[in-house]
Structures are given as C-alpha cells and as structure tokens.
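The values are calculated or read from the model by the stated rules, or taken from the named source; none is laboratory data. Because the structure is a prediction, the values reported are computed rather than measured. Cβ placement follows ideal geometry from the backbone for every residue including glycine, while neighbour counts extend to all protein chains displayed.
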2 protein chains.
Amino acid sequence: MTANPLAATIAHLGAAARAASRQMARASTASKNLALLALARRLRGESAELQAANARDIEAAEAAGLAAPLVDRLRLTPKVLATVAEGCEQIAAMPDPVGEIGGVRRRPSGISVGQMRVPLGVFGMIYESRPNVTIEAASLAIKSGNACILRGGSEAIHSNLALWKLVQASLGEAGLPPEAVQLIETTDRAAVGLLISAPESVDVIIPRGGKGLIERISREAKVPVIKHLDGNCHVYVDAAADLALAVKVTDNAKTQKYSPCNAAESLLVHRAVAAQFLPQIGAIFAAKGVEMRCDAASREILQQLDGAQLADATEADWAEEYLAPIISIKLVGDLDEAIDHINRFGSHHTDAIISEHHPSVMRFLREVDSASVMVNASTRFADGFEYGLGAEIGISTDKLHARGPVGLDGLTSLKWVVLGQGEVRI
Amino acid sequence: MTANPLAATIAHLGAAARAASRQMARASTASKNLALLALARRLRGESAELQAANARDIEAAEAAGLAAPLVDRLRLTPKVLATVAEGCEQIAAMPDPVGEIGGVRRRPSGISVGQMRVPLGVFGMIYESRPNVTIEAASLAIKSGNACILRGGSEAIHSNLALWKLVQASLGEAGLPPEAVQLIETTDRAAVGLLISAPESVDVIIPRGGKGLIERISREAKVPVIKHLDGNCHVYVDAAADLALAVKVTDNAKTQKYSPCNAAESLLVHRAVAAQFLPQIGAIFAAKGVEMRCDAASREILQQLDGAQLADATEADWAEEYLAPIISIKLVGDLDEAIDHINRFGSHHTDAIISEHHPSVMRFLREVDSASVMVNASTRFADGFEYGLGAEIGISTDKLHARGPVGLDGLTSLKWVVLGQGEVRI
C-alpha cells in the first residue's frame, strides 16, 4: 500500500521473515541440523560457482581502487569456504538451545516455576565486507530457531547473493522455510534505515562494522540493538605478577594480531615491578616495531632501551583503540588506581590482570566493569569460539541482555513457564 | 557548567549516583542486609512521622478532587508500612546475587571460562502514585548492589521524601553511601526528560505506570528501557481440559481482582467443550456482573443464560486490556487457532492453557510467544513474589534482557570471567 517501492520490498521481506520465524521456532533439532549439514556440503561442493560470483566483487573492488587488505577481506578462497563449512558442522554438533527448561522449583502455592529458552524471533544483521559473515549469521539463526534479515556490504553483493542461494536451498532440503534467511538484494543505503525502523518485522538489530556505522544505527534504530563499540582492552601487571608470565601474556595480547577488537591497547604496570618488567616487554615491543606512548614515569624507564619508539601519551591515548602496533603505557600506584583507570578510560570490552595475589585478582574480577575480565590470560581469548560458544554473531559492549561474545544463547530469550494442577491465587 | 539549573541538579545527582554505584557494587552482603534491616526497623519505628508526611499528600489530593480509589493508593496506612517493612526483611533474607559465578568450564586452550553476576550500575525508576514503590525500588537496589534514581509522582512527593530520608539514614547506618538511592525532589516534569537522556548517569530506566507514560519514555529515552506495556492475558480451555479445573482457574484469572495486569482479559474455548464449559463459567460471570463480549458462536451458547450481560465482540476487543469486569470470549477449532490468536492479539505478557493433553500443553508452552506461559494455573500467578523472586521491580513485556517479573537477577548482568595460568592465543 506504500508508494515507495523500496519500503514495500522491505516490508514484504520483513513479513516473510516474521512468518518463517514462527516455523523456525518449532522446527525440530533434526531438521535444523540437516539444513546446517546440507549447507556445509553445498559450500564445499559448489565452490567453483561461489568463486565465480566472488570474482565479480573482487574485480569491481580492484577497479574501484580499494586497498589490497580490503580486497583480501572480500575473497572467498577455498580455505575460507572450508572454514565456514566446518563452522556449520560445528554448530550442527552443538546442543539445541531452544526448549531448554531450567530452574524449575515448586512454590508454596503448589505451582512449579521455571524458565524456558526460546528464539528471539527475527534478527537483522548489518555488516560490511567479509562475505563469510553471511554464512555465520545464517547458521546461527538456523540453529537458534530464529529467522534473520541480512544486509551485507555493497562491495560483497555478488558473493553474498551466491552464498544466500545455498542457504535457501539447504533450508528447503531440510523441509524448513527458505524465507527464514532473507538477504536485502538492493545496495540502496535507504534499506538500512527502513530495516532498523521496523519493529513489526525485526526483534533486534546486530550491526557489525566500524564505530561510526554502529553509532549511527544505535541512534536511529526503533528496535533494540546489540552493540559492539570499541575494544580498548587493558593488561594490568600487578605488584604480585609472575613477570615471565606477564611478559608472555602482554606480548601476545598486543602483538599476536593488531586489528582484532580484543587486542590490548593499553598497559598498566604497578610501580613496584615497573623497573624490572618494563625493559623486558619494551625490548619485545621495540623488536616488533610497536610504538609505546608513555606517561612520564614509564618513559623514564623505557628511555634506556635501544631502538624503542617512544612518545608522550596524551589524555586521548588512554581512551584510544589503535588497532595498530601502538600501545599506551602508564604506571599505577596500586590496584585501585588501575581499576579506576580502566573503568574510566576503557571501553568495557575485555581487560586482564596479571597477578598471583588472590585478593587482588578477586577485586579485579568483581570491580572492573567489562564484558570480559581475565586473570593471567591474553585478552585475545575474548571470542565466541574460544569461550566454547561454537561461533559468535558479534561481541556486545552493552550491559543488558548479551554481554561479550554473543553465541546461540544470546539469540534466545528466557520465558517463564508455570506448571500447575488447578492452582488459583487466593 | 550548564545555564539550566534543573539540568545541573539532575547532572549532579546522576554523578553522585554513579559514584555511589561503584561502592555499592563492592559492598559486602552483610552491610547490604544491615541497611535493609535498619530500613525495616525505621519504617516500623517512624510510622507516625511517615503518616504525618503522607497526610499532606492525602489532603492535597482530596483538595484537588482526586477520585477516592486514587487517593487510597496514596495512603501509607500502618498495614502498608508493615508490608513494605516485611518486604525489606524478605529481601535481606534472600541470597546475594552479586558475585555469583556459574558455568565455569575448562577449554581446550587451558583457560577456564564462566560468567559472574554483577550489578547493572544505576537504574532510574519513574512511577506514579503508590509511595510504597519508593521502598520496593530502594530495597531491590540495595540488595542487587545498584544505585538508583527515583522519580515518583508529584501527588506523593511528601510521602516519598519522608520514606527516602529513612532509606538514606539506613544506608548510612550500614556504612554504605546514602547517595546510592537518589530521589528527584522537584516535581518539574522536565526532570524526567533529562533523566532518560543521561546515559552517563543511568544504565537503564524502569517506568511503572500507564501505557501512555511508558510509550512516551520508550520513544524519547536515550538509555535502555525495561518496558511493561499492557497485559492482555488469555485463558485457553482445550478440548482435553478438566472442565471443573477450567471453571475454577478461569474464574480466578478473571475475577479475583480486575485491575492487575495479570488478570485474564480474553477466554478462548475449544469448540468440542464449549457447550459444556461456557454455561458453567458464564453463570459465574453473570453472577459476578462480568460483561461477556462474544463471537457469534460463543454468544449462541451463552444466550440461553439468565442475567448474562452479553455483547458482540469487535476486532478491537481481541486486543483490549479491560482491567475491568469485562471479558472477550471466542471459540476456536483447534490448538493452532488458539496459539495464532494469542500471538496475534495478545500482549506477550501471560497466557494459560487448561488441558490434560501433554502434546498440546508442550506446544502451547513452546509456541505462545509470551513472557509467562502457564498450564492449568491462574494467570494471576505472574508476579515476582509468586515466582519466588522475593519482590519485583516491574514486569517486562520486552524480549531482550529481563522478561516477565523482574527481581534481583533482572537488575544484574552476567560478565565473562576467564581464569588462566599464562595462556596465550596461538
């Protein structure tokens, strides 16, 4: 009934997803697993067709002068396809979260009360570049009994369309509604605005991409958003740290990969161990070309290192997510100062303490207000697969609903179940 | 730094609540319980002062010509005070949710991963009339380790101020920051707009009141809102129902009280039992003066009853929350029709099936998309106290985060805890 053809398209696709979500919610575990295994088989078997579609995106990206690392993120190499196929098989092998009933207790009135896990309904996924996200989102939707509406980046449109066709065929093969996974075929940007304003079609929006995209979507959305803003992750080396362990973990947290959101961006060191610890980690950073942005006290210690790239940290550095070979470094007088600094400048994503002192460890775990808090482990572990969730649809920096890596459970909600034998309220 | 004095006040109060929330998050269980027991003692001991403050509100309400039932809702009678004092003692007796660690599992990498329950931070509570909500919100905030900012109705301002002073004294007595429970002293309506736009001060807003208030707050809020919209609750009497039980439960769900959100507003009856069941429940409704708004098929059966107030149901009746002695009645051909009707017209609050047939019961529990789904029990049980939550801060009709009655757990979030021994990502 609308004059705007794009609005009509999105409304139509939303209604189809909503209808399919009801079927998905009652789908058997067997049929959902069948769809996932069929999808894995097709991803392996139709590799040539997928790569032909992908070649069109690559060609367009190169013609448009996209930087080489960005072009690489678009590529559906046989290795990428094998990985996503394996992901589908892993999700098929996981327990079905839907219908799980927990915590049932008898109440004095005679009723028994518990909670049942059920799908959220329809989620909308807005993402950029990597076409493998299409399969990750679809496979998590299938297993969690949700429908989803996918909106990938325009630069990956041919790849996404080709992958989506396999998803729909696999759903059909398993007797499930192909409409359960929808893909917005147009690259018109207005489609995003329509999708995030449609509570009748979408229960939650999950954006994956740059901070700008996510902030804009959160601001404009008329449906709930599971947000992932920045990852300004800290490593705090306590006075009671095992320093060899601290060197190993800090090095890994910063340098194992620079671009992930769970890489460390800031290092806090207790004054009592700074003179011993900093030269060791500083030498590694210097050797790996990591620039160190220091407060005055840490700079004084690191100054003596040969070949270190040092700079004075500004206030802005404490809040920065570099995603690059740069780290900010600050000495602290005690645990309180470390916790206060992290809660003030951090992004509530992932923060780690290196310490052998139990009371300090427990205070750090309790008082650092982040989605993941770690002891004597690399921040790089903050990841759905590493946590045992099988896969992740994203990492939430929100406090409500899902916090940290969001897997199958984060795509469900708990409803109350009351089992009675004719009880009434008195 | 702002020119607007009200904005400065709200900002100041928000900053104080935020600072206090950090202390509350690490408060010991003993000190939180001490504050709750001190509050209970004061509510009982200072009953005269509270009633004097309450008398000012009652007087103003009567002078303003407020209807008698609304004036009654304002009253802090000794019975009301005894009930809220007892509520504080019950919350003190409950386990502390904060710091609970669950689901810790060893991962192949060597790290152990689990989840820890922590306070949300600061919640804002916007409510109308009943001053006892001030104590309910404060006591749940204290036990859950949160700070809160309360904004009661202007008609209860003197009562709320008097109650709040007792809360602050009790916090102080227990060595906790009195700023953990803030009350907005001005009755200026602009204060609400400022509160719901202050993510730096407030982590979540919980409005309690009419649908209009809640819709407006949800629309304008810049922070997450735990919403409770309407309660259009259904009772579905299945073909396989125990009809004596169905009569007892349906009667209770509709007539035990008319005003609560968990009272039944709509009755669906399977055709196979309608001729037997409807005259029985209809006679009770007729005797209690409950108007029945019927579809054609149910009207035909009920027509034969003496003294029944019957009307033809319109489409609007299926979606209506009457909160009055009115019920809509419809016959359905099967379970699918019942489920579809509830999911389409219901408000996703609380719905019950009366049936002895296990497969129908399980399908109803799984497929009705409501915060509470019940079998052979009155919808009136949808309540935090009846569910064993101790008390409730509200009932959520949202799907994300907390669903249904929201107690201590709903005021907390789960963060990930990673316990390592120097593990790094490979």
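A few points about this structure:
- Which listed residue is within 25 Å of the chain's Cα centre (by Cα) and free of Cβ contacts under 8 Å to residues at least 12 places away in the same chain, from B:Ala67, B:Ala35, B:Ala85: B:Ala67
- Pick from the range A:371-425, criterion within 7 Å of another protein chain (Cβ to nearest Cβ) and of a type in the set (D, E, K, R), ranking: surrounded by the most Cβ atoms within 10 Å (Cβ to Cβ): A:Arg380
- A:Ala15 being within 14 Å of chain B (Cβ to nearest Cβ), aliphatic (A, V, I, L, M), in contact (Cβ under 8 Å) with a residue 12 or more places away in the chain and over 26 Å from A:Gly390 (Cα atoms): yes
- Within the range B:338-351, residues that are on the phi < 0 side of the Ramachandran plot have Cβ atoms under 6 Å from residues that are assigned to a helix (DSSP H, G or I) and surrounded by fewer than 23 Cβ atoms within 10 Å (Cβ to Cβ) in these pairs: B:Ile339/B:Glu367; B:Phe345/B:Trp318, counting only partners at least 6 apart in sequence or on another chain.
- Residues being in contact with a helix residue (DSSP H, G or I) (Cβ under 6 Å, 6 or more places away or on another chain) and more than 9 Å from chain A (Cβ to nearest Cβ) - total across the range B:98-125: 4
- Selection within the range B:345-370: residues that are among the hydroxyl-bearing types (Ser, Thr, Tyr) and more than 8 Å from chain A (Cβ to nearest Cβ). The member of this set that is nearest to the chain's Cα centre (by Cα) is B:Thr350.
- Condition met for A:Ile342 (surrounded by 20 or more Cβ atoms within 10 Å (Cβ to Cβ), more than 10 Å from chain B (Cβ to nearest Cβ) and under 21 Å from A:Leu243 (Cβ atoms)): yes
- If the condition is being among the basic types (Lys, Arg) and surrounded by 15 or more Cβ atoms within 10 Å (Cβ to Cβ), then the range A:199-234 contributes A:Arg208, A:Arg216, A:Lys227.
- Qualifying residue in the range A:240-255 (condition: of a type in the set (Ser, Thr, Tyr) and surrounded by fewer than 24 Cβ atoms within 10 Å (Cβ to Cβ)): yes
- Some residue of the range A:324-336 being touching a strand residue (DSSP E or B) at 6+ places or on another chain (Cβ under 9 Å), surrounded by 24 or more Cβ atoms within 10 Å (Cβ to Cβ) and without any contact (Cβ under 8 Å) to a residue 40 or more places away in the chain: no
- Residue within the range B:37-46 that is under 17 Å from B:Ala156 (Cβ atoms) and touching a Cys at 6+ places or on another chain (Cβ under 9 Å) present: yes
- Taking (1) under 28 Å from A:Ala371 (Cα atoms); (2) touching a Pro at 6+ places or on another chain (Cβ under 8 Å); (3) touching a residue at least 60 places away in the same chain (Cβ under 8 Å) in turn, A:Asn232 satisfies each apart from (2).
Table: residues versus (1) buried (at least 24 other Cβ atoms within 10 Å of the Cβ); (2) touching an Asp or Glu at 6+ places or on another chain (Cβ under 7 Å).
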| residue | (1), (2) |
| --- | --- |
| B:Thr134 | yes, no |
| B:Glu155 | no, yes |
| B:Leu166 | no, yes |
| B:Ala169 | no, no |
| B:Gly172 | no, no |
| B:Glu179 | no, no |
| B:Ser197 | no, no |
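- A:Leu305, sole failed condition from (1) surrounded by 15 or more Cβ atoms within 10 Å (Cβ to Cβ); (2) in a helix (DSSP H, G or I): (2)
- For the range A:216-261, the set of residues classified as at pLDDT 95 or above, out of contact with any helix residue (DSSP H, G or I) (no Cβ under 8 Å at 6 or more places or on another chain) and among the small types (Gly, Ala, Ser) consists of A:Ala244 only.
This table checks each residue for (1) more than 21 Å from A:Phe277 (Cβ to Cβ); (2) not β-branched (Val, Ile, Thr).
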| position | (1), (2) |
| --- | --- |
| A:Ile326 | no, no |
| A:Lys330 | no, yes |
| A:Asp334 | no, yes |
| A:Ile339 | no, no |
| A:Ile342 | no, no |
| A:His357 | no, yes |
| A:Phe364 | no, yes |
| A:Asp369 | yes, yes |
| A:Ser372 | yes, yes |
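- Filtering the range A:3-56 to residues that are part of a loop (DSSP other than H, G, I, E, B) and within 16 Å of A:Trp164 (Cβ to Cβ) leaves only A:Glu46.
- Some residue of the range A:261-271 being of a type in the set (Gly, Ala, Ser) and surrounded by fewer than 19 Cβ atoms within 10 Å (Cβ to Cβ): no
- Residue within the range B:103-120 that is buried (at least 24 other Cβ atoms within 10 Å of the Cβ), under 24 Å from the mean Cα position of the chain (by Cα) and more than 17 Å from B:Pro207 (Cα to Cα) present: yes
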